[in-house]
Every structure is written in structure tokens, then in C-alpha cells.
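Colleague: Mind looking over this structure? Questions follow.
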């Protein structure tokens, strides 16, 4: 996965409404973040697979950041 893809993902996380990040279940959030990233950056199958795994592994951090923005 390229640094550009990673930057795009985290930009999406930062600009997404907190409520959305906290209300979706894990599978839906992974799918939604992947789709939003794919809209911004072209992903081949290998990048898409890696991105899904990366998002899954970072869900606790993504949700923690969202909680922090609430307070």
C-alpha cells in the first residue's frame, strides 16, 4: 500500500462525522472506508486487500479518535 493511499484513508477518517464512525458496525465501517478511499485513489486488488486488513487492524484507533473528537 502506498503512502498516498494511507494518507487518503486517514484524511477520510479525520473528515468523517464522528457519529458515522461510531454508529457503524465493524464490517460496515471497513467497507465504507475502503469505498471512500477507492473513490479518491485507484486501488488494485492487492492494495484493496491490504487496505481492508489495515483498516480492520486500526478500528480501535479509528473509534478512539472519534470518541476524542466528541469530548
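Colleague: How many residues does region 32-48 contain that are without any contact (Cβ under 8 Å) to a residue 12 or more places away in the chain and either more than 12 Å from residue 9 (Cα to Cα) or over 12 Å from the mean Cα position of the chain (by Cα) (or both)?
Modeller: Total satisfying the criteria: 5.
Colleague: Just to be sure, is residue 26 on the phi < 0 side of the Ramachandran plot, touching a helix residue (DSSP H, G or I) at 6+ places or on another chain (Cβ under 8 Å), exposed (fewer than 15 other Cβ atoms within 10 Å of the Cβ) and at pLDDT 95 or above?
Modeller: Criteria met by residue 26.
Colleague: Can you tell which of 65, 21, 9 is over 11 Å from the mean Cα position of the chain (by Cα), part of a helix (DSSP H, G or I) and touching a residue at least 40 places away in the same chain (Cβ under 8 Å)?
Modeller: Going through 65, 21, 9 in turn, the sole match is 65.
Colleague: Any residue in region 49-61 that's over 12 Å from residue 6 (Cα atoms): show its pairings with residues that are at pLDDT 95 or above and assigned to a helix (DSSP H, G or I) at Cβ separation under 8 Å, as long as the two are six or more apart or on different chains.
Modeller: 56/26; 56/30; 59/26; 59/29; 59/30
Colleague: Let me ask another. Here are some conditions: (1) crowded, with 17+ Cβ neighbours inside 10 Å; (2) in a helix (DSSP H, G or I). Residue 43 meets all but one. Which one does it not meet?
Modeller: (2)
The values are calculated or read from the model by the stated rules, or taken from the named source; none is laboratory data. Just so you know, these numbers come straight off a predicted model, no measurement behind them. Glycine gets a Cβ as well: all are built from the backbone with ideal geometry, and neighbour counts include every protein chain shown.
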